[in-house]
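The values are calculated or read from the model by the stated rules, or taken from the named source; none is laboratory data. Model, not experiment: these values are computed from the prediction. All Cβ positions, glycine included, derive from the backbone under ideal geometry; neighbour counts span all protein chains shown.
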Amino acid sequence: GFKMGIVGLPNVGKSTLFNALTKTAAAQAANFPFCTIEPNVGDVAVPDARLQKLADIAGSREVIPTRMSFVDIAGLVRGASKGEGLGNQFLANIREVDAIAHVLRCFEDDDVTHVEGRIDPAADAETIETELMIADMDSIERRLANLSRKLRGGDKEAVEQDALLRRALVALEAGKPARTVEISAEETRNWRMLQLLTAKPVLFVCNVEESSAGTGNSLSAKVAAMAEAQGAAHVVISARIEEEISQLDADEAAMFLSEMGLEEAGLDRLIRAGYQLLGLQTYFTVGPKEARAWTIPVGTLAPQAAGVIHGDFERGFIRAETVGYDDYITHAGEAGAKDAGKFRVEGKSYEVRDGDVLHFLFNA
Ligand code: GDP
């Protein structure tokens, strides 16, 4: 599955947010067997209103959302790259995630100490980014030294790795994260294998006080500007509110949200933003037994999409019977879509689209 790491300085609201994410009724929807894997890893449902609509049309007995994981990565402080705090452990945890949710304190509260003694989310972001950049530079220097022997042997992969590492180093030495390096499609695989911390996509999460949950505040506006300048995404939430909502059942939560003048829970926006950041999309399988959502990277072909359900589906793939989401809704299901000529039979080279309702045929 896909994993997002929650990072940030101490006392910015990471645990509050993580607890809300993993305790909320929506996150635990569907009697899915693995809810919390480890204390700091939460497996959450990806909210998608389309799924229930499909289930209603098909009369599905069960609704099973797709899921993604969040990892609470505590322990980053100034100096972590040099082993301060939980330093190395922290960095190892970040290496394993696909993307980073960077929580920034955008609330004033004299009762909650700030480790740096002032409220300045842009400066906080820089503190953390600097630690990650130093860690990347250290690891690049180490790896370049290790590669030099292989280079003399003319190892092709070593040559490629060496070139990519040097490009990353140029960016980092200019004070820019590795994600600013332009990577071609052919280089993507090797680039990912380098697992540089600052190459991972980042979503800035502005944690604002309760009263600003819907609007944001002047601090979150600064983060928004910073994010835009870096080509990064951001969301505004109040971790406190999310924590309260997570204790409520679905009806109570809806009432609470409308009383607060909010359209949807911040967590839903956060999860969706993470999904988008990771370049993921959803397809559906729908029948009388269950309506289910599945996650695939954008650009996935039909056989690999089938493989998410079961390896045999991919190996024995014959074809995918396909109805687009809008067609399914407009024509009230598969039969109606068929009558309207919206039922397609797609082969091995079909690139699955977001919202496709699929039925795979395969050789067992
Ligand atoms: P972490 O160290 O980043 O995991 O931070 P915590 O989630 O433990 O939060 C640190 C403190 O800040 C706790 O006392 C929280 O209750 C408080 N806190 C978190 N979010 C908010 C918020 O939005 N407003 C206020 N006033 N306090 C918050």
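Residue 80 falls short on exactly one of the conditions (1) more than 22 Å from residue 266 (Cα to Cα); (2) surrounded by fewer than 20 Cβ atoms within 10 Å (Cβ to Cβ); (3) touching a Phe, Trp or Tyr at 6+ places or on another chain (Cβ under 8 Å), and that condition is (2).
Screening residue 62 with (1) in contact with a Gly (Cβ under 9 Å, 6 or more places away or on another chain); (2) more than 15 Å from the ligand (Cβ to nearest atom); (3) modelled with pLDDT of 90 or more gives one miss only, at (1).
Answer with yes or no whether residue 318 is part of a strand (DSSP E or B), free of Cβ contacts under 8 Å to residues at least 60 places away in the same chain and within 23 Å of the chain's Cα centre (by Cα).
Criteria not met by residue 318.
Of the residues 215, 282, only one is under 17 Å from the mean Cα position of the chain (by Cα) and either touching a residue at least 60 places away in the same chain (Cβ under 8 Å) or surrounded by fewer than 20 Cβ atoms within 10 Å (Cβ to Cβ) (or both); which? Outline the logic, then answer.
Details: 215 fails: under 17 Å from the mean Cα position of the chain (by Cα).
After applying the criteria, what remains is 282.
If a residue has to be near the ligand (Cβ under 10 Å from one of its atoms) and aliphatic (A, V, I, L, M) to count, how many in the stretch 194-218 make the cut? Counting residues in the stretch 194-218 that are near the ligand (Cβ under 10 Å from one of its atoms) and aliphatic (A, V, I, L, M) gives 2.
Among the residues here, residue 133 qualifies as under 16 Å from residue 230 (Cα atoms) and either within 16 Å of the ligand (Cβ to nearest atom) or in a helix (DSSP H, G or I) (or both). Which residues, taken from the stretch 263-308, are of a type in the set (Ser, Thr, Tyr) and either assigned to a strand (DSSP E or B) or more than 29 Å from residue 361 (Cβ to Cβ) (or both)? 282, 283, 285, 295, listed by residue number. In summary, residue 323 fulfils each of the numbered conditions (1) free of Cβ contacts under 8 Å to residues at least 40 places away in the same chain; (2) aliphatic (A, V, I, L, M); (3) exposed (fewer than 13 other Cβ atoms within 10 Å of the Cβ) with the single exception of condition (3). The residues of the stretch 219-249 that are away from the ligand (no atom under 15 Å from the Cβ), not in a strand (DSSP E or B) and not charged (D, E, K, R), listed by number, are 221, 224, 225, 226, 227, 229, 230, 231, 232, 248.
Filtering the stretch 140-158 to residues that are loosely packed, with under 13 Cβ neighbours inside 10 Å and more than 22 Å from residue 130 (Cβ to Cβ) leaves 145, 146, 148, 149, 152, 153, 154, 156, 157.
Scanning the stretch 3-18 for residues that are farther than 20 Å from residue 244 by Cα and more than 6 Å from the ligand (Cβ to nearest atom) turns up 3, 4, 5, 7, 9.
What about residue 270, is it within 16 Å of the ligand (Cβ to nearest atom) and within 30 Å of residue 175 (Cβ to Cβ)?
So residue 270 passes the test.
Here is a check on your reading of the model: is residue 203 part of a helix (DSSP H, G or I), in the same structural domain as residue 221 (by TED's automatic domain parsing) and surrounded by 12 or more Cβ atoms within 10 Å (Cβ to Cβ)? So residue 203 fails the test.
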